[in-house]
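Notes follow the structure.
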Amino acid sequence: MDREEKKRLIRCAAGEVEPDYVLKNVKIADVFTGTLFDGDVAVLGGRIAGVGSYSAARETDWSGKIIAPGFIDAHMHLESAMTSPSMLAPVLLGRGTTAVIADPHEVANVCGLEGVRWLMRDSEKTPLDVFFALPSCVPLNENDHNGAVFGAEDMKKLRSVKWVSGLGEVMNSEAAVSGDDGMLEKIELMSGGTIDGHAPGVSGKMLQAYRAAGVQTDHECSCWEEALERLRAGFIVQIREGSAAKNLEDIIRGALRAGVSFDRFVFCTDDVHIDDAAENGHIDRNIRMAVELGVQPVTAIRMATLNAARAYGLRGRGAVAPGYLADLVVLDDLKSFAVREVYKNGVPISELSMPTGRTRAGRRLTHSVNIPQLPRDCFSLKVSSHFPVIGILPGQITTERLTLPLPMKNGFFVPGGDLLKIAVVQRHDGSGRTGVGVVKGFGLKNGAAASTVGHDAHNLIVIGDNDADMLAAVETLKACGGGYTLVRNGRPVKTVRLEIAGLFTDDRTVNLPEELKEMSALAHQMGVPENLDVFQNLSFLSLPVIPALRITDSGVYDVETRNFVEP
C-alpha cells in the first residue's frame, strides 16, 4: 500500500471517504479480546478501513452472522491434495481458508528446484495466498533414495521471492542437534523467516538442543505430554488434524485440563486430500472440533488466524480490524461454523476469477516414473521367526513394531489373514531397487494397492496378498505416469492418474474428489477398514523418520535403532 492509498484508507476510517462497500449488522469475532461485538465492517481497496458504524452505496446486511478473519493453515503440503494449487484453491477458499504455509518438499524430492518453481508459478495464478517454507531436507537422509537434491544453493535462488516464509520442516533432527554444518547453514540462511520443525519422539535434552539450533515450531505432537514439553521449550505447537494424522483431540483435551493459554497454538492439516477437504472441511473443521471439545469459539478462531499470522510474520493478516487485509469469513454460527461467504482482498469469492488453464510442466515433471521390467520374484521375502511386522495405527502416521508368527513356505513369507506384503520400488533412476516387508492392519483381500505418493522420496509403494497383483499394480502406474491404483485378478479395478511428478494432477476434466471417493469405497469393498484411508496411510509407511518401523527401497527400517532389519 503506497502513501496515497494509506491516506485514502485513513480518511475512509474517519468517515470522510465512502467505503467500497460495507458488511452491515454483523457480530465481529474479536481475536484480540476473545469476545464478540456488534458493528459494521467497512472495506476499501482490499483492506478493512474501519469497524463500527459505516455506510456505503454497496452494502450487504449480514444480520446475526459472525465475521471472522480468513483462516490460515500453518503447515501443509499442497501435493497431498493431489491437485495443482490452482485446482485446490476454490475448495479451500470455499471452506474459509485464505492463506496457507506450504512446504513443497514432496515435489522437490521428485524434481528438485524445477518442481518447486512449477508449484510457485501455479500458486501465483490463484486468489489463495500460498506462502512457501523452503524444503530443508531433500533428500531426507542417507536412507532415502529420492529423485533430486534441493540444497542451500537452491534456497539462495528463491529466498527473495515475496511468498517465501522461511525454512520447511527440519525433519533431520539428528543433523540439527548434532550441529551439522550443512543443516545449520540452511537454518541461518532462512533465519529471517520462521524455521519449521518436525521432531516426533524427540524429548529431553535432545529437544532442548533442537530448539537451540533455531527450530521454532513442531507439528508432530501426537499427545498432550509432547505438546506441553514443546511449549515449555519455546516452540509454537501446530495442532495437526488432516486426512491421515489426527492429533487435535488429545492435545486440546490436555491443554484444557492443564488450563494453559492457547496463545502458542496454531492449526494445520499437514496432509489433506482434496475430497476430504471438500466434504469434511479444512481449517474450519479444526476450529469446529476444538470448540466441541470445550475451547471458547473466538479463542479457536484466533488459533486459526492471528496466532498463525504472527507465527509466520504475516503482518496485516489475521484480524477484523482497521488496516488489516479484508480476508473475511461469514459464519452462520459458532457451533457448526458453516461458511456462508468468503471475502478475499475485499471481494466475495463468488465474484473472483479462478484460473482455468494448465501451468506448463517440463518433461522431468511429466515423466517421473522410471522403473525397469521387474522379475517375477522381486517381492519374494525370506524371513525368520523374529522378523518384525509393521503395525498400522488408525488415525496416526506412527506405526508399532509387532512380533507375530508369520505364515511361511520354504522359508519365504506367504500373506495370510491380515498380514500383507508391502514393498517399495525405487522409481527415479531406473534401478528398480526393491525393499519388501510385512504389514498388518490394512485388511486388503484378493488384490493389491499401489501409489507413487510415498513420503518423502516418493518411490512407488505397493501392498497386496499376492505377488501377481502387486506386479500388475506396479505396471499400471508405470504406464500412466503415476498415481493410485487398485488391482484384482491381475487387472486394475480403478486407477487415479497423477501425471505431475506422480503426485498430483492439473487435469480439469477430472472430478478428483469424486474419483477418490469411488476409489476409497472400492478399497473398503476389498477389505480395508472403514476408519482407514488406504492410500493416505500407505504414503507415510516409507518415511524413515517416524517411529517405529518403516519400509524403504532398501528394506524394513527401524527408526528407533536407526538400522535396517535383517530378514
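The string of couplings for region 535-540 from the Karplus curve (6.51, -1.76, 1.60, θ = phi - 60°) is 7, 5, 5, 4, 5, 8 Hz, one whole number per residue in order, with x for Gly and Pro. For region 5-104, the set of chymotrypsin sites (Phe, Trp or Tyr not before Pro) satisfying both a DSSP loop assignment and a count of at most 16 other C-beta atoms within 10 Å is given as PHE32.
What the phi angles of region 126-141 give under the Karplus curve with 6.51, -1.76 and 1.60, with θ = phi - 60°, is a coupling list of 9, x, 5, 7, 10, 9, 10, 9, 5, x, 9, 9, 10, x, 4, 6 Hz, glycine and proline written as x.
Computed from the C-beta positions of GLU185 and VAL161, the FRET efficiency with R₀ = 22 Å rounds to 0.70. Projected label points at GLN373 and ALA233, each 7 Å from Cα along the beta carbon direction, are separated by 5.2 nanometres. Length available on full extension from SER384 to GLU518: 0.36 nm per residue minus the Cα-Cα distance, which gives 44.4 nm. What FRET efficiency comes out for the pair LEU293/THR356, r = Cβ-Cβ distance, R0 = 45 Å, nearest 0.05? Step by step, r from the Cβ atoms, then E = 0.65. Taking amide H as placed 1.01 Å from N in the peptide plane, ILE551 has its amide H under 5 Å from the amide H of SER542, LEU543, TYR557, each at least 5 places away in sequence or on another chain. Under 12 Å of direct C-alpha separation, and excluding same-chain neighbours fewer than eight residues apart, LYS445 reaches these aspartates and glutamates: ASP418, ASP465, ASP469. Amide H contacts for TYR54 (H built 1.01 Å from N in the peptide plane; partners 5 or more residues away or on another chain; cut-off under 5 Å): ASP40.
Computed over the chain, the P(r) curve from all C-alpha pair distances, binned at 10 Å from the origin, holds 4, 18, 28, 26, 16, 6, 2, 1, 0 percent per bin. The three principal axes of the C-alpha atoms in region 367-564 carry coordinate ranges of 50, 36, 32 Å, sorted with the longest axis first.
How much length is gained on full extension from THR60 to ASP38, taking 0.36 nm per residue of separation minus their Cα-Cα distance? Mind dumping the intermediate values first?
Details: separation 22, 0.36 × 22 = 7.92 nm, distance 1.49 nm.
Full extension of this stretch gives 6.4 nm more.
Excluding same-chain neighbours fewer than eight residues apart, the lysines reachable from LYS24 by a Cα-Cα span under 20 Å are LYS65, LYS344. Amide H contacts of THR83 (H built 1.01 Å from N, in plane; Pro and chain starts excluded): THR505 sit under 5 Å, all sequence-distant by 5 or more or on other chains.
Ranking of VAL295, VAL237, VAL369 by neighbouring Cβ atoms within 10 Å, starting from the fewest: VAL295, VAL369, VAL237. Across region 363-375, rounded Karplus estimates of 3J(HN,Hα) from the backbone phi angles (6.51 cos²θ - 1.76 cosθ + 1.60, θ = phi - 60°) give 4, 4, 7, 9, 10, 9, 9, 10, 10, x, 5, 8, x Hz, Gly and Pro being marked x.
Of the Cα atoms belonging to region 71-316, the radius of gyration and Dmax stand at 16.9, 47 Å.
Every number in this text was worked out from the coordinates using simple rules, so none of it is lab data. These numbers were taken from a predicted model, which means no experiment stands behind them. Methodologically, a virtual Cβ is constructed for each residue, glycine included, from the backbone with ideal geometry; neighbour enumeration extends over all protein chains shown.
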